[in-house]
Ligand code: C5P
């Protein structure tokens with residue numbers, strides 16, 4: 001287990017209140033089994049293993065007693081690992097685990113969790129439970145950039161596909177194909193964005209307060225926290241992410257995640 005005790009990070013928010021409709025399991029994604037445990041337990045283990053949080057604040061679907069119990073059981077296990085004489089590494093602080101009801105959108109779930117942070121929280125990492133296999137190294141890279149003075153940090157990956165913009169085809173051409181290409185984005189300047197995303201708490205609070213004034217259309221287009229910080233005109237820094245931080249969204253993603261967990265080295269030890 002690693003620690004990053006020189007960083008200012010004190011809290012990790014784990015948003016796990018999504019419905020998981022695209023995965024097609026008929027249950028919230030956080031509960032979906034992945035190699036014997038739920039997606040949420042894998043995500044929480046990753047956060048705890050990174051050793052950077054004094055508080056882990058989890059947003060779950062409102063009133064979901066099963067996920068509430070799962071978080072409580074995780075907190076108990078964590079406590080047992082940290083009891084005097086237990087083999088958990090010396091000097092690693094036991095994080096407080098807090099559970100809150102999430103909201104109707106991801107941003108609302110983040111805000112619900114922010115409202116439950118410990119009063120002295122200075123910095124926060126916001127992490128999607130759906131990125132259940134994010135390795136410790138990514139948490140550390142984000143925390144290190146925050147400690148070095150950044151107020152907003154995101155982990156990113158180069159884009160391997162050529163990315164084009166399109167619009168719906170209209171008129172007679174609609175019979176040819178449904179969409180028409182309008183341009184090609186310069187791939188070398190594109191990055192795919194992951195979580196955990198790290199922020200100075202005052203900046204993230206300001207960003208979410210500003211978002212409260214957005215109309216419904218623009219609010220729906222907010223897919224991560226860094227977008228809100230960008231709208232403030234505050235610089236957002238990017239560090240290297242990891243391919244195993246994939247967001248488990250479709251059945252294929254679940255198969256890939258299971259394959260990673262069952263790999264010969266174990267997913268958390270594979271870099272790149
Ligand atoms: O749906 P999407 O892929 O944007 O979800 C990303 C993350 O945000 C997931 O971990 C999901 O559980 C979380 N989420 C949430 N509350 C919502 C919607 C999504 O916590 N209302």
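The values are calculated or read from the model by the stated rules, or taken from the named source; none is laboratory data. Quick caveat: nothing in here was measured; it's all calculated off a predicted structure. Note that we place each Cβ from the backbone using ideal geometry, even for glycine, and neighbour counts take in every protein chain shown.
The residues in segment 139-152 that are surrounded by fewer than 24 Cβ atoms within 10 Å (Cβ to Cβ) and under 20 Å from residue 58 (Cβ atoms) can be counted, and the count is 0. Against the list (1) in contact with a strand residue (DSSP E or B) (Cβ under 7 Å, 6 or more places away or on another chain); (2) at pLDDT below 95, the condition residue 215 fails is (1). Going by the structure shown, is residue 113 buried (at least 18 other Cβ atoms within 10 Å of the Cβ) and within 15 Å of the ligand (Cβ to nearest atom)? Criteria met by residue 113. Of the listed requirements (1) crowded, with 20+ Cβ neighbours inside 10 Å; (2) touching a strand residue (DSSP E or B) at 6+ places or on another chain (Cβ under 7 Å); (3) under 23 Å from residue 210 (Cβ atoms), residue 155 misses just one: (3). Residues of segment 1-44 that are near the ligand (Cβ under 9 Å from one of its atoms) and modelled with pLDDT under 95: 18, 19, 20, 21, 22, 28, 29. Sort out which residues of segment 197-231 are closer than 15 Å to residue 146 by Cβ, within 16 Å of the ligand (Cβ to nearest atom) and in a helix (DSSP H, G or I), and write them in order of number. Residues satisfying the conditions are 204, 225, 226.
Going through (1) part of a helix (DSSP H, G or I); (2) surrounded by 18 or more Cβ atoms within 10 Å (Cβ to Cβ); (3) in contact with a helix residue (DSSP H, G or I) (Cβ under 7 Å, 6 or more places away or on another chain); (4) touching a residue at least 40 places away in the same chain (Cβ under 8 Å) one by one, residue 58 falls short only on (1).
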